[in-house]
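Engineer: Pasting in a structure now, in structure tokens, and then I'll have a few things to ask.
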Amino acid sequence: MMTPETTIAVENIFKSLNSYDYSIENRIALANDAIKKAKESQQQLVAAKLTYKLGELYQEAEKLKKMTATYREAAQLYQELGQTFRQNEEYDTALAYYEESIRIAKNINSDYLLLRSYSRMGRIYQDEKDNFVKAAACYQEGLKLCEGQANLEEAVFQLNMGIIYHQQVEHTEAIKMILAALQIFEQIGHENGLASCYNTMGNIHNQRGEYEKALRHYSFALEIARNQNAESDIVNILNNIGTIYLAKEEPNAALERFEELITLTKNKKDVIYYNLGKCYYILRDFKNSEDNHKEAIKYNKQKNDKKQLANIYIELAKIYLEQKKYKAAETHLMDALALTREENYQEGQLECLLVLKKVFFNIGKYDMAFEYYDSYTKLNKKIFDVKKEENIQRMTILYEIKEKEREIAYGKKLMHELQHRVKNNLTVLDSMLKLQIPTVSNEKTKVVLQDIRQRIIAMHAVHEQLYRGENATEVALEPFITNLVRAITTANQKNNETKVNTRIYVDYGNLNAKKVIEVALILNELICNAFKYAFKNHPEPVLTVSLKRNLQTRRLHLIVKDNGKGIDLEKLKESNGFGIKLNNLLTEELRGELNVDAKEGTKWELIFKA
């Protein structure tokens, strides 16, 4: 927690780092010193923000290796913040920091950092927020990054997708994903991954009532867990196997597993004794069954698990019912009923009402038996309606997940084909203009055609990157702007002129293709104007193009600056040229603003939402 004094101090540091009154070397030194102090005082968020700012400073100083390394460190610091808040169960804050880490990681093309953040965000959405659609979206993004690599990351994302499908009772898709993960884990010899796959497959077959298949997969998982001496996994798998044998009414096989569990672990004693009691009940050994259930009560009091306690009371009541100890049975059932109602544990309440009906029927209180059976019938219908609603919700979730998958696959194919055709058409247009321009005698017409060709080149560059990239709807801005500026510079640079020194700084990841086309056309106009008006007879021409996001306003700032004589602002206001009209129109399309400053050369600044 930052004190008001600390907050003011941090604000002052950022003011100094943003001030051009200090040299870039001084600002870098100040940032490094501030980061060190923030880490020493365990101000993680301040350290993350300062580290990101230091990356911007290295970018400004054109120290690209240090810039990349520093941005990577900032992304890692945001990941650590996410992990800290996740452990503190502040999940929304954790997600926000993981998203910031993803934004930075995209800017430096760090797949490793992206994969970690997507994985951790997916687990939060899946385990803590019950938002399976968003969890699946995170895992799908991860799979896109490592598709076809057959590495650990791909297998883990496939396993997680399989678990989501299992949770949504979509067994076919779940099995397909788990088998794909299983194949990779086998190839790379990852024992933990294999055990998780086998255990999940066991859970799927168990849910489907395919007990033999479930037992086979659990036995594979158990063998791996025993080889690794993984106690928690062994306990979990043995309990699953024992539960299946109970469902199959094979109490001796179940007893063997649960008795091993008693000697193996100090945890879950209440559940283990409860299951032992159920085994002895099936064997009609009511004395041992009663003793184990009472032992389960003793351990349950340490946990205060009211649902499990209700289950134990119901099982004891069944024993007393068999022994015709009706009063004891009624007492335990009434205690169980109170607990199930308190916890809104409807399945337990349902079983409790059914056993109560049997108790009162056996003692001849038929009106009470009918009353409890009537309550049982009403509750059963209510549960059925709830489950029907849950099924509808589950189907909706599955539909959204599959729609996302279909959109990704279809959109990728369709957009790549579209970009290919557009790119080819623009190439034809460019070639036609290239052939036609030398044949034109009128200089004004030639200039107009050359301007048109420059605009086509700008649009072609966008579609070229879209076609060659994996994402057919977004463009990575750093390579795109760098290549575009160089292409426009090369096209405008005349052999007899002093070579223009271009400086390019881009600090943002991907942008929607439609916006990129608009930005590219504006960029083309501004750079071409610099060559036309700013650099004539200039001894040391410098063109600076930068793009970065303002963290406060979350808007992008594209700056094109030259060191020429400066534009005449009064003439600019009166100008009615096509280029100016085009820039204004495109700026409106972006819902942005285009500002100009002519104090030291000409500086254009386009501000728009990403």
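The values are calculated or read from the model by the stated rules, or taken from the named source; none is laboratory data. These numbers come from a predicted model, not from an experiment. Neighbour counts are summed over all protein chains in view; Cβ atoms, including those assigned to glycine, are modelled from backbone coordinates with ideal geometry. Surface accessibility is based on the protein's heavy atoms, side chains included, excluding ligands, DNA and RNA. Shrake-Rupley method; radii C 1.70, N 1.55, O 1.52, S 1.80 Å.
Engineer: Give, in nm to one decimal, the length gained when the segment between Ile452 and Leu585 is fully stretched (0.36 nm per residue of separation minus the Cα-Cα distance).
Structural biologist: 46.2 nm
Engineer: Next question. Go ahead and collect, in residue order, the members of the range 231-254 whose backbone nitrogen is under 17 Å from a label point 7 Å along the Cα-Cβ direction of Lys213.
Structural biologist: Residues 244 qualify, since their backbone N sits under 17 Å from the label point.
Engineer: At 0.36 nm per residue, minus the direct Cα-Cα distance, what do Glu128 and Glu540 gain on full extension? Give it in nm, one decimal, please.
Structural biologist: 142.4 nm
Engineer: Measure off, as a whole percent, the carbon and sulfur share of the 1.4 Å-probe accessible area of the range 5-150, all protein chains present.
Structural biologist: Percent of accessible area from carbon and sulfur atoms in the range 5-150: 47.
Engineer: What FRET efficiency comes out for the pair Lys298/Asp92, r = Cβ-Cβ distance, R0 = 30 Å, nearest 0.05?
Structural biologist: Between Lys298 and Asp92 the formula returns 0.15.
Engineer: Follow-up. Pull up the cross-link candidates among the aspartates and glutamates for Lys434, meaning alpha carbon to alpha carbon under 17 Å and not fewer than 8 places away within one chain.
Structural biologist: Glu443, Asp451
Engineer: Then there's this: So if we plug the beta-carbon distance of Glu250 and Arg549 into 1/(1 + (r/R0)^6) with R0 = 51 Å, what FRET efficiency do we get, rounded to 0.05?
Structural biologist: Efficiency, rounded to the nearest 0.05: 0.20.
Engineer: Need the list of aspartates and glutamates near Lys365 for cross-linking: C-alpha distance under 14 angstrom, and skip anything on the same chain fewer than eight residues off.
Structural biologist: Straight-distance partners of Lys365: Glu330.
Engineer: On the accessible surface of the range 518-557, probed at 1.4 Å, how many percent belong to carbon and sulfur atoms?
Structural biologist: The C+S portion of the solvent-accessible surface of the range 518-557 is 49 percent.
Engineer: Would any residue of the range 285-316 have its amide N under 20 Å from a label point 7 Å out along Cα→Cβ of Lys365? List them or say none.
Structural biologist: 313-316, by backbone N distance to the label point.
Engineer: Please give the peptides 36-43, 214-221, 193-200, 17-24 ranked by average Cβ packing (other Cβ atoms within 10 Å per residue), highest first, as a rough proxy for protection.
Structural biologist: Packing order, densest peptide first, comes out as 193-200, 214-221, 36-43, 17-24.
Engineer: Next up: Counting each DSSP H run of 4 or more residues in the chain as -39500 (n - 2.57), what helix-only mean residue ellipticity at 222 nm follows after dividing by all residues, to the nearest 500 deg cm²/dmol?
Structural biologist: Here the helix-only value at 222 nm equals -25000 deg cm²/dmol.
Engineer: Here is a further query. Can you figure out the FRET efficiency of Glu259 with Arg503, using R₀ = 60 Å and their beta-carbon distance, to the nearest 0.05?
Structural biologist: 0.20
Engineer: Let me ask something else about it. Please give the length that would be gained between Arg486 and Gln323 if that part of the chain were fully extended, namely 0.36 nm times their separation in residues minus their C-alpha to C-alpha distance (nm, one decimal).
Structural biologist: 49.6 nm
Engineer: Along Cα→Cβ, 7 Å out, is where each label goes; now give me the distance between the ones at Glu443 and Asp305 in nm to one decimal.
Structural biologist: The two pseudo-label positions are separated by 9.0 nm.
Engineer: Which of the aspartates and glutamates could a cross-linker span from Lys599 if the Cα-Cα distance has to be under 16 Å and same-chain partners fewer than 8 positions apart are dropped?
Structural biologist: Asp562, Asp568, Glu570
Engineer: So, one more: Which residues does the label zone of Glu593 cover in the range 522-561, counting backbone N under 11 Å from a point 7 Å along Cα→Cβ?
Structural biologist: none
Engineer: For Arg555, list long-range residues whose amide hydrogen, built 1.01 Å from N in the peptide plane, is under 5 Å from its own amide hydrogen.
Structural biologist: Asn550
Engineer: Rolling a 1.4 angstrom probe over the protein heavy atoms, how many square angstrom per residue are accessible across the range 194-233?
Structural biologist: 50
Engineer: Starting from the range 120-157, pick out the GluC sites (Glu not before Pro) whose DSSP state is loop and whose Cβ has at most 15 other Cβ atoms within 10 Å.
Structural biologist: Of the GluC sites (Glu not before Pro), the ones in loops of the range 120-157 whose Cβ has at most 15 other Cβ atoms within 10 Å are Glu147.
Engineer: Taking amide H atoms as placed 1.01 Å from N in the peptide plane, list the residues 5 or more away in sequence, or in a different chain, whose amide H sits under 5 Å from that of Arg503.
Structural biologist: The answer is Leu543, Thr544, Val545.
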